[in-house]
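Below: the structure, in structure tokens.
Bear in mind these aren't lab numbers, they're just calculated from the coordinates by the rules spelled out. Remember, predicted model here, so these are calculated numbers, not experimental data. Every residue, glycine among them, receives a Cβ derived from its backbone with ideal geometry; neighbour counts consider all protein chains shown.
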Amino acid sequence: KPYRFSKFECVMVKSLKIYTESNNFKIGIEYLILYALFISLISIYTSNNYYYNNLNETLTTLGILLVLITFVYFVILIFANLFRYEKVNGDLSDDLIFDTHKITAGDATYYLLDIEGVIIENSDIKGSVINSTFAFRPHRSNGLKNYVELYLKDGTNIKYNFLQSDSDKIKIFDCELITYYKERKIGWQNLLNCLEIDGYDNIQEFKRTFRL
């Protein structure tokens, strides 16, 4: 079907959230619990060789109980991962805004006249499935692997990751991205990817509509 502009008007202020990853390494509480269970099992197995028989029986019973608890917890964790999102280890406070003549990322502004080229990766959507059914990790994406890379005329390269969800995608900047293409800042295939246009007929209609 013919391409239509997004529900956002070209004159409206639109933005996406910039993701700045933290240097702090975090482990989820669910994995700490599993780690503690495994350590307890190893400790009981090791201790079982150094005590008298009456205590050995107690340790054996406790060990069997811990094995069952660990197994049940492991199964529950795998099942829960089907509905869990990847953890966000960073900040999402800054806005990414594409204007006709500039790109604003937080407090930084890059004018189109100073930009040699733009590359955008926008394949990651929050909630999309990223792992196999029984993977031991969250099953759904956090939507933060998208990025815009700016190649400035002074030789500087700058990269910003940003969040995409079903309601907030890079294609809300369709007017601006088409302008960037006309100004030879972004490639044709990259433009089509950002606007989610595929199929020969749709591409030809898009080209005719905007005289590209």
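Answer rounded, prolate or oblate for region 102-209, using the Cα gyration tensor with square roots of eigenvalues a ≥ b ≥ c: rounded when a/c is under 1.5, else prolate when a/b is larger than b/c, else oblate.
oblate
With a cut-off of at most 10 other beta carbons within 10 Å, and DSSP calling the residue loop, which trypsin sites (Lys or Arg not before Pro) in region 147-176 qualify? Please list them.
LYS153
Which ³J(HN,Hα) values, rounded to whole Hz and listed in residue order, are derived for region 60-69 from phi using the Karplus coefficients 6.51, -1.76 and 1.60 in 6.51 cos²θ - 1.76 cosθ + 1.60 with θ = phi - 60°, glycine and proline given as x?
Values per residue, Gly and Pro as x: 5, 4, 5, x, 4, 4, 5, 4, 5, 4 Hz.
Cross-link candidates for LYS185: which lysines have Cα within less than 25 Å, leaving aside residues fewer than 8 places away along the same chain?
List returned: LYS7, LYS14, LYS17, LYS102, LYS145, LYS153, LYS159, LYS169, LYS171, LYS207.
Quick one: Karplus J couplings for region 32-43, per residue in order, coefficients 6.51, -1.76, 1.60, θ = phi - 60°, nearest Hz, x for Gly and Pro?
With coefficients 6.51, -1.76 and 1.60, one gets 5, 5, 5, 4, 5, 5, 5, 4, 5, 5, 5, 5 Hz.
Convert each backbone phi in region 124-131 into a coupling constant with the Karplus relation 6.51 cos²θ - 1.76 cosθ + 1.60 (shift: θ = phi - 60°), then list the ³J(HN,Hα) values in order as whole Hz, x for Gly and Pro.
Taking θ as phi minus 60°, the curve returns 9, 10, 4, x, 5, 6, 10, 10 Hz for region 124-131.
Whose amide H sits under 5 Å from the amide H of LYS17, counting only residues 5 or more places off or on another chain, with H placed in the peptide plane?
Residues meeting the criterion, in which the H sits 1.01 Å from N, are LEU96, LEU163.
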